[in-house]
Amino acid sequence: MTTLLTLRNAIVISTSLTTLAACQTLTQAKKEESPVVSTAYLDVQPMPIIQQSEAHAPVQDMPLSSNIEPQKKQVLAKKPLKPTKKTVLPYQVDNLWQRITMQFVLPIPKQKQINERKNWYLSHPNYMDTVSKRAEPFLYHIVQEIERRKLPLELALLPIVESDFDAKAFSSQGAAGIWQLMPTTAKHFELNIEPWYDARLDPHQATLAALDYLQYLNKKYRGDWLLSIAAYNSGEGRVDKAIHKNKKLRKKTDFWSLSLPTETTNYVPKLLALAALAKQNAHKKWPVIANKPTTVTVDFGQQFDVLIAAKLTKTDMRTLYHLNPAYLGDKSALNGPHTLQIPIEKAPYFDKRQHIKADMLGMDHYQVKKHDSLYQLAKRFNSSIKELKQLNQLSSDTIKIGQVLQLPIQKPIQLMVDYQISPFIVRAEAPEKIKVSINYKVKPGDTLWEISRLYDVNYQELAKWNNLKAKSILKQGKILTIWLEQNRPTDTINITEQNSVLNTPTWLIRGQNSINPR
């Protein structure tokens, strides 16, 4: 019995050893048979299939996964991760033109007029240099207002089409400012017009009125911006008449199908051509306008003389008149507005006076704040430590937070200049006639004599106005400036009481020949 058991065990052990050897041989054979696993399979090749033997089923114990996994990890580690592209928002860019372009929404159809206008802009690269320089102080505020109202940003280009962004532009029909608002439109939107102040020339006030008008038109034409913009140019009556005519003839009533005045048929393509060029990155060639405000509004709260305002804000008068084209005289209007746009870096000079007012409890009293000292307060309120101590019966230089101090009587700042204090300056009535300028484009065969007869002016003066000699031969296409006399506008106030003749307003009339032809 014992012998049989021993024999059986020996057979089992022998069989096991044989089986184990066979498995090891099979495993080694498979390793030699199978190619080395390439990392390329991770991208395009399927995982190799290992055939299992019926006699040796437990292939799960094979070390295939342990061989592949490190290689897989190694490959993944070598692959560079693609950086996530950060979304740039309009207010984050540096160039204001780019901010505008990023928010265009109007479709641009393939129209001959648009292509013609694009070619004109491309053939006049200096045009946008001039426009950008004019727009720089005002465009940021216009963009902000359009964004606030959630309107198409293409409207920010409209002052270019209207006036070449000339804040002093007047048309022969009576429109004025960068938005070329007519007197009736200005009156409807409560823009004040008088001989010494014209709110249509105020880029900020005019923008509010122009956008109000455009929103009204857009609502009337059921969201059609091209019809709205056309009506802004030619008047809603003409657009309504053209739409009615096409309806009667059973024709389309979109802008491109209407019969409108030539100026209007060119007006909309001008705007869309500018937008198209900007979309094609042409704006990168335009002078950069910083995407930040460059001016700030200050309120004097009373009638002021521009000379005094210049001194208070440490701004030269030329800059003040450039930033505030609505002021036509040497001071603000009697009934306002009494605000000025000044360079933003000059704001602290004016704000300092405002902070003093804000800290005052009463007419002549001030409440002590943290870090205040008698020395600082004396300097701030143009006084002395001794005077402050006497007024407040202080025995020492120590003051406490919250303590109310009496201040020396503050003399109100005089914001007006009495020009009659000088015997060399005398006030006078505003002239019955004022000079206005128009532009004239020289035609073939024109002479200074013929043009002077046409406009009833002296031909020698005409030559002088244009830096020419009396016998100069005129070049076709040359733009001449002609000064004409007109009756001054009807006064709504007593000019002699309000204004000096030092700065009699000059009315510049924008003729038919602008730098961007109709």
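The values are calculated or read from the model by the stated rules, or taken from the named source; none is laboratory data. This structure is a prediction, so every number in the text was calculated from the model and none was measured. Ideal geometry is used to build each Cβ from the backbone, glycine not excepted, and the neighbour counts take in all protein chains shown. These area figures cover heavy atoms from the full protein model, side chains too; ligands, DNA and RNA do not enter into them. Shrake-Rupley method; radii C 1.70, N 1.55, O 1.52, S 1.80 Å.
Below, the figures for the structure above:
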{"item": "3J(HN,Hα) from dihedral phi, segment 138-143, Karplus parametrisation 6.51/-1.76/1.60, rounded to Hz, x for glycine, proline", "result": "10, 5, 4, 5, 5, 4"}
{"item": "Residue order for Asp397, Asp164, Asp372 - accessible surface, 1.4 angstrom probe, largest first", "result": "Asp397, Asp372, Asp164"}
{"item": "Around His188: net Lys/Arg minus Asp/Glu count, Cβ-Cβ under 13 Å", "result": "-1"}
{"item": "Amide H contacts of Thr295 (H built 1.01 Å from N, under 5 Å, at least 5 apart or other chain)", "result": "Ile344"}
{"item": "Cα-projected label distance for Ser373 with Ser437, points at 7 Å along beta-carbon direction, nm", "result": "5.6"}
{"item": "Amide proton proximity set for Glu194, modelled H, under 5 Å, gap of 5+", "result": "Ala199"}
{"item": "Over 20 Å (Cα to Cα) - which of Lys112/Lys220; Lys118/Lys252; Lys252/Lys279; Lys220/Lys245; Lys133/Lys464; Lys110/Lys133 fall in this group", "result": "Lys112/Lys220; Lys118/Lys252; Lys252/Lys279; Lys133/Lys464; Lys110/Lys133"}
